[in-house]
Amino acid sequence: MRTVKCWQLLFIQIYSIAAYGYLDEDFNENVIENLPLFGGQYSQSFTAETEEFLFASRPNWPSQDALKKLGRITAAVPINTEGSQVFVLHRADRVWNSNTFDENEVFRGQSEPPINVGVLAKLNDSELEASYLKDQFYLPHGLTRDHEGNVWITDTAMHQVYKYGPKLDGKPLLILGEKFKPGSDSKHFCKPTHVAVASNGDFFVSDGYCNSRIMKFNPDGKFMTQWGKPTHDHRSPGPDELNVPHQLVLVEEQGALCVADRENRRVVCYNAGLNSSSKNETGKYLFEIRTQIQRPGPVYGVAFCPHTQSLFALVGSWDTSDFTDVQVYQFGSGNFVGSVTDIEQGYGMAHSISTCRSPGPIGCLIVSSLNSARQSANGQESRRIWFYQVFSSSEKLVA
């Protein structure tokens, strides 16, 4: 019988044991051995309502060699359903600081060349297999892989959105926005942050650091509609008031588009208007989730886990030395279930999250951090990206 090892980096916090279950340190070994990619290493679980969730942190991922070749990581998304292959978006050594843009949100570094390494890296298992899109981007920000395998990238310096085909040959299939020209009309963006693509081809852009809006386009890139306006008071924002919409996720089964409303410290869900009966309700407010009152930090990322029907919210801090975690909420009720973090070193400048979209029994969660590359005391590259498998089982481990 294999000895089951406990991977200690993962911390699970239970908000209410009475309402949501219990910490269980004695897992069924057969359950652990059925998790691929991990060699039997796991952490702890928590029980939410009727389903048990197990978050297993993948050790030694990515490899040290791969980490050394990645710069400041802005985002990562799984390529296949189990997450053994992952795209990672990074900025090499580019830094965004207070001098990067002028008072009109125009990028000051236009005279510099674009990043001269491939900003999109492909990890196969834990190793760097390939890199793409050299000499094309200045400040890549958001990364999306749609249902057809197309890759979408936003660049905040260029104020543009790029769509590439699955071959990633460097020739964009679609470019929206005018290079280095910020704007607020239907043909311009101002530091766009992310893209979410529906199965019918419609897509949404969170725009972003300046415009406080969400824009919807048809599959050909034709503008359809928009909603959102600046926030007057982040302590009590209105339903359509946004303050840095930072990441999007579509929950198509529920017809919802959810946004990480970063500086308003919440996740807001709207009607996505994806069918004829709901088209006229696009952008209608559905509900919101305020992050836990004991940790009401800015919400950098949002993702949806299909098989647990949970929303994950990446809650950061205005002080990067403070605590950062991924908070878990039931989609239907908005109830807080628990939170996940790396208690050994933390997520640091956590920037985005993503999940595997498989509806099967095993999903995944990926957390990306903008931390600069550095070596720890033992000479190893410090982690800047984390991979968890999320397992839910109908089998009761405790009667």
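Being under 20 Å from D220 (Cβ atoms) and over 19 Å from the mean Cα position of the chain (by Cα): is that true of L176 here?
Yes; evaluated as a whole, the condition is true for this residue.
What is the number of the single condition among (1) in contact with a Gly (Cβ under 8 Å, 6 or more places away or on another chain); (2) part of a loop (DSSP other than H, G, I, E, B) that T154 does not meet?
Of everything listed in (1) in contact with a Gly (Cβ under 8 Å, 6 or more places away or on another chain); (2) part of a loop (DSSP other than H, G, I, E, B), T154 misses just condition (2).
For region 253-301, name all the residues that are of a type in the set (K, R) and not in a helix (DSSP H, G or I).
R265, R266, K284, R290, R295
I'm checking my understanding of the structure. Among residues of region 325-349 that are among the aromatic types (F, W, Y) and under 18 Å from the mean Cα position of the chain (by Cα), which one is farthest from F387 (Cα to Cα)? Spell out the reasoning first.
Within region 325-349, the subset among the aromatic types (F, W, Y) is 329, 331, 336, 347.
Among the residues that remain, those that are also under 18 Å from the mean Cα position of the chain (by Cα) are: 329, 331, 347.
Details: Y329: 19, F331: 22, Y347: 12 Å.
The residue in question is F331.
For every residue, the table says whether it meets (1) at pLDDT 95 or above; (2) exposed (fewer than 14 other Cβ atoms within 10 Å of the Cβ); (3) of a type in the set (D, E, K, R); (4) at negative phi.
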| residue | (1), (2), (3), (4) |
| --- | --- |
| S206 | yes, no, no, yes |
| H234 | no, no, no, yes |
| H246 | yes, no, no, yes |
| V251 | yes, no, no, yes |
| L257 | yes, no, no, yes |
| S278 | no, yes, no, yes |
| T282 | yes, no, no, yes |
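Let me spell it out: the conditions are (1) basic (K, R); (2) touching a Leu at 6+ places or on another chain (Cβ under 8 Å); (3) part of a loop (DSSP other than H, G, I, E, B), and K163 meets all of them except one. Which number is the exception?
K163 satisfies all of (1) basic (K, R); (2) touching a Leu at 6+ places or on another chain (Cβ under 8 Å); (3) part of a loop (DSSP other than H, G, I, E, B) except (3).
Does region 157-177 contain any residue that is out of contact with any helix residue (DSSP H, G or I) (no Cβ under 7 Å at 6 or more places or on another chain) and more than 30 Å from K122 (Cβ to Cβ)? Walk me through it before giving the result.
Filtering region 157-177 for residues out of contact with any helix residue (DSSP H, G or I) (no Cβ under 7 Å at 6 or more places or on another chain) gives 157-177.
From the residues that got through so far, the ones that are more than 30 Å from K122 (Cβ to Cβ) too are none.
Looking through region 157-177, none of the residues is out of contact with any helix residue (DSSP H, G or I) (no Cβ under 7 Å at 6 or more places or on another chain) and more than 30 Å from K122 (Cβ to Cβ).
Please tell me if T144 is over 25 Å from W61 (Cα atoms), buried (at least 21 other Cβ atoms within 10 Å of the Cβ), in contact (Cβ under 8 Å) with a residue 60 or more places away in the chain and under 17 Å from the mean Cα position of the chain (by Cα). Outline the logic, then answer.
Working: over 25 Å from W61 (Cα atoms): no; buried (at least 21 other Cβ atoms within 10 Å of the Cβ): yes; in contact (Cβ under 8 Å) with a residue 60 or more places away in the chain: yes; under 17 Å from the mean Cα position of the chain (by Cα): yes.
When the stated conditions are applied, T144 does not pass them.
Name the residue, out of F180, F137, that is surrounded by fewer than 18 Cβ atoms within 10 Å (Cβ to Cβ) and either at positive phi or modelled with pLDDT of 95 or more (or both). Outline the logic, then answer.
Values: F137 fails: surrounded by fewer than 18 Cβ atoms within 10 Å (Cβ to Cβ).
Matching residue, one of F180, F137: F180.
For region 13-131, give me every one of the strands (runs of 3 or more DSSP E) that falls completely inside it and has 3 or more residues that are at pLDDT 50 or above and not small (G, A, S). If you could, list the steps in order and put the result at the bottom.
On the way: elements: 45-48, 51-57, 73-78, 85-90, 120-124.
Because the criterion is at least 3 residues that are at pLDDT 50 or above and not small (G, A, S), the strands (runs of 3 or more DSSP E) in region 13-131 that meet it are 51-57, 73-78, 85-90, 120-124.
The values are calculated or read from the model by the stated rules, or taken from the named source; none is laboratory data. Quick caveat, the model's predicted, so the values are computed rather than measured. Note: ideal-geometry Cβ built from the backbone for every residue, glycine included; neighbour counts use all protein chains shown.
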